[in-house]
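Take a look at the structure below.
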Amino acid sequence: MKLARATKKGNRSFYLEFMMMTLVPLIVCGIVMMMVCSRAVDMSMTTEAEDNLKNVAVTVLAAYEQAYPGKYEAALEDGAIKLYKGGTVISDDFVLVDGIKEKSGVDITIFGVDTRLITTLKDSSGERMTMSVASEKIVDDVYGRHSPRFYNNVSIGGVEYYAYYAPVDEEADGKCIGMIGIAKPATVIKQSINRSVRNNLIVMVLAILITSFFITRFASNLVTIVKLMLDFMKELGENKLDAKIDARVVQREDELGEMGRNLKNLQIALRRLIERDVLTGLFNRRSAEKRIDEIEESGVKYSVAIGDIDHFKNFNDTFGHECGDVVLREVAHLLNEGMSGREGFVARWGGEEFLLVFVNCGIEEARDALMIIRQALHDNEVEYDMQIHKVTMTFGAAEKVPGVAINHLIRAADDKLYEGKQSGRDRVIV
C-alpha cells in the first residue's frame, strides 16, 4: 500500500515538477525582462527628453542671435532688471519664445543671473513668472559652475518638470550673464514613458502567455505519453502480457518513442521467456493450458494430441544430453512445420512429450494431420556428431466432447498414446 501511494504521488508530481522547471523560469525571466525593459525605456526616454530640451535651448539661442545680433547685457533700470541683446531690450518681448513654445510644447526661460527675465512659464493665476528666481542648487550648478545640467525633478510653481539649463555668455569676453532653461511638465513625459512601458509590458505578457500555453500543451502531451508507458508497464507487472501499448507512444520519433518501442520489445521478450520453452521455442505447458482455456471458452470444436519421442532415453544415455537436445529441437521444428497452415498450436508438454491442439478440427481431420507429421518425422534424419539418427514418434489423439473437462480430454489422448506405445510405437492412435 505504501508503494502504491508513492507511485501515485510520483505520477502526480511529475507534471508539477515539469511545469515548475519550465514555466517558473519563464515567468521569472519574463518579470526580470519586464523590469529591465521598463528601466531601459525610462532611461531611454529620459535621455531623449534631455536631448530634445537641449536642442530647443540651442534653437532658442540661435533664434535670438539671428533676431538680435550682438552681445547680451543686463542692466538695472528704474528698479527693474532689463536684458539687452545687440542693444535692444528683449526682456519685454515674448513673441519669439511664445512662438517656439507653441511649436515645441516646452516652456522657455532666460535668466539674468538667477532671475527670470523672459519666460513662458505662468503661475496658477495665468501671470508670467518673470522676476521669480531659480533654486539655489540650479544657480550653483549651472551659473556658478558654468556647466549645463539636466534635471528630472525640478519643482517650478509647485509643478514637477523635466528641465535643461545652460549658461548664457556674453560674446565679447565670455562672461556668464545668466542662464537659459527649457522645461517640460514631468506628467507629460512620464505619461509617454508609462505608455511605452505599458505597451512593452503588454507585448511581453502576451509573449509569456502564448509561450506558457505551448509549454503547457507540450507538457500535457509529454505527461500523457509517460502515463501511457506507465500504464503499459503496470499491466506487464500484473502479468498481462497481451497488453497493447498505445500507438501514440511507439509512433513518436523522439526518445520517448524509442522508450516505447523498447518496452514493446521487452514485452515480446517477457512473453517468450514466460510462454515459450527455452530449448525448443515452442509454447510451454503453462502457456498451452492457458490457450486451451481460451479455446474452450470460445466454444469452437477442437482436438488434442499427445506425442512422445520413441526411445528418447537412448539418445541421452548413449550419445549424451546434447544429442537429446538436438533431437528435441529438430522434432519441435518438424511439428511446427506440420501445423503450418492449420488452426492450433504445438507446445512442449514435458520432457520428450509434445501437445498438439487442432482448432476447428474433428478427430478424423486431426488423425490425417498427425499421420502426415508422423511420416515426416519417420522420413527425417537427425545428424549429430557425424552420425545419422532416425527419430520416430507415437501420437494419441482425442476430440473434445461437450461436458468433458479439459483434463479428462488430455488424459484420454494420453491413454491413446500409451496404447500406441504398447502396440509398437511410431503410430497414431485415436
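Any read-out appearing in this document is the output of simple, stated calculations on the displayed coordinates, not a laboratory observation. Treat the numbers as computed from the prediction; the structure is a model and nothing was measured. Quick reminder, even Gly has a Cβ in these numbers, built from the backbone with ideal geometry, and neighbours come from all protein chains shown.
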For the range 315-352 and the range 15-30, what is the separation of their Cα centres, given in Å?
61
Calculate the dipole size of the range 67-188 relative to its Cα centre from +1 charges on Lys and Arg beta carbons and -1 charges on Asp and Glu beta carbons; express the result in debye to the nearest 20.
340
Quick one: which residues, 5+ away or cross-chain, put their amide H under 5 Å from the amide H of Tyr84? H built at 1.01 Å from N.
Glu73, Ala74, Ala75, Ile90
Cross-link candidates for Lys184: which lysines have Cα within less than 21 Å, leaving aside residues fewer than 8 places away along the same chain?
Lys54, Lys101, Lys103, Lys122, Lys137
Within straight cross-link reach of Lys400, meaning Cα distance under 18 Å, which aspartates and glutamates are found once same-chain residues fewer than 8 apart are removed?
Glu289, Asp293, Glu294, Glu296, Glu297, Glu343, Glu364, Glu365, Asp368, Asp414, Asp415
Helix 255-275 versus the longest principal axis of the chain: what is the Cα-based angle in degrees, 0 to 90, to the nearest 10?
20
Which entry in (i) 35, 27, 26; (ii) 34, 24, 20; (iii) 112, 20, 16 matches semi-axes √(5λ) of the Cα gyration tensor in Å derived from the coordinates of this structure?
(iii)
Choose one of Phe232, Ile202, Gly105: the residue whose Cα lies farthest towards the positive end of the charge dipole of the chain (beta-carbon charges +1 Lys, Arg; -1 Asp, Glu; about the Cα centre).
Phe232
Please name which of Tyr84, Val188, Tyr161 has its Cα lying farthest along the dipole of the range 67-188 towards the positive end, using unit charges on Cβ (Lys, Arg +1; Asp, Glu -1) and the Cα centre as origin.
Val188
Using only Cα atoms and rounding to the nearest 10 degrees, what angle (0 to 90) does helix 285-298 make with the longest principal axis of the chain?
90
So for the range 278-429, using the alpha carbon gyration tensor with a ≥ b ≥ c as root eigenvalues (a/c under 1.5 gives rounded; past that, a/b versus b/c decides prolate or oblate), I'd call it prolate
Residue separation between Leu76 and Lys390 times 0.36 nm, minus their alpha-carbon distance, gives in nm 98.9 nm
Relative to the Cα centre, what is the charge dipole magnitude of the range 304-380, using +1 at the beta carbon of each Lys and Arg, -1 at the beta carbon of each Asp and Glu, and rounding to the nearest 20 debye?
120
Inter-part distance where the range 101-180 and the range 238-260 are each reduced to a Cα centre, Å:
79
On Cα atoms only, tilt of 2-67 relative to the major axis of the chain in degrees:
20
On full extension of the chain, what length is gained from Met131 through Ala67, given 0.36 nm per residue of separation minus the C-alpha to C-alpha distance?
20.7 nm
Toy charge model, Lys and Arg Cβ at +1, Asp and Glu Cβ at -1: the range 152-238 dipole around Cα centroid in debye, rounded to 20, equals 440
What shape does the range 146-261 take by its C-alpha gyration tensor, where a ≥ b ≥ c are the square roots of the eigenvalues and a/c under 1.5 counts as rounded, a/b above b/c as prolate, and the rest as oblate?
prolate
Assuming a ≥ b ≥ c are the square roots of the Cα gyration tensor eigenvalues, decide whether the range 47-167 counts as rounded (a/c under 1.5), prolate (otherwise, with a/b larger than b/c) or oblate.
rounded
Cβ-based charge dipole, the range 267-399, positive-most Cα from Val391, His333, Phe345
Phe345
So which lysines can Lys390 reach, going by Cα to Cα under 21 Å and dropping same-chain residues fewer than 8 places off?
Lys313, Lys421
By count of other Cβ within 10 Å, fewest leading, how are Tyr64, Tyr161, Tyr418 ordered?
Tyr418, Tyr64, Tyr161
Taking a label point 7 Å from the Cα of Asp98 along the Cα→Cβ vector, which residues of the range 153-172 have an amide N closer than 14 Å to it?
none
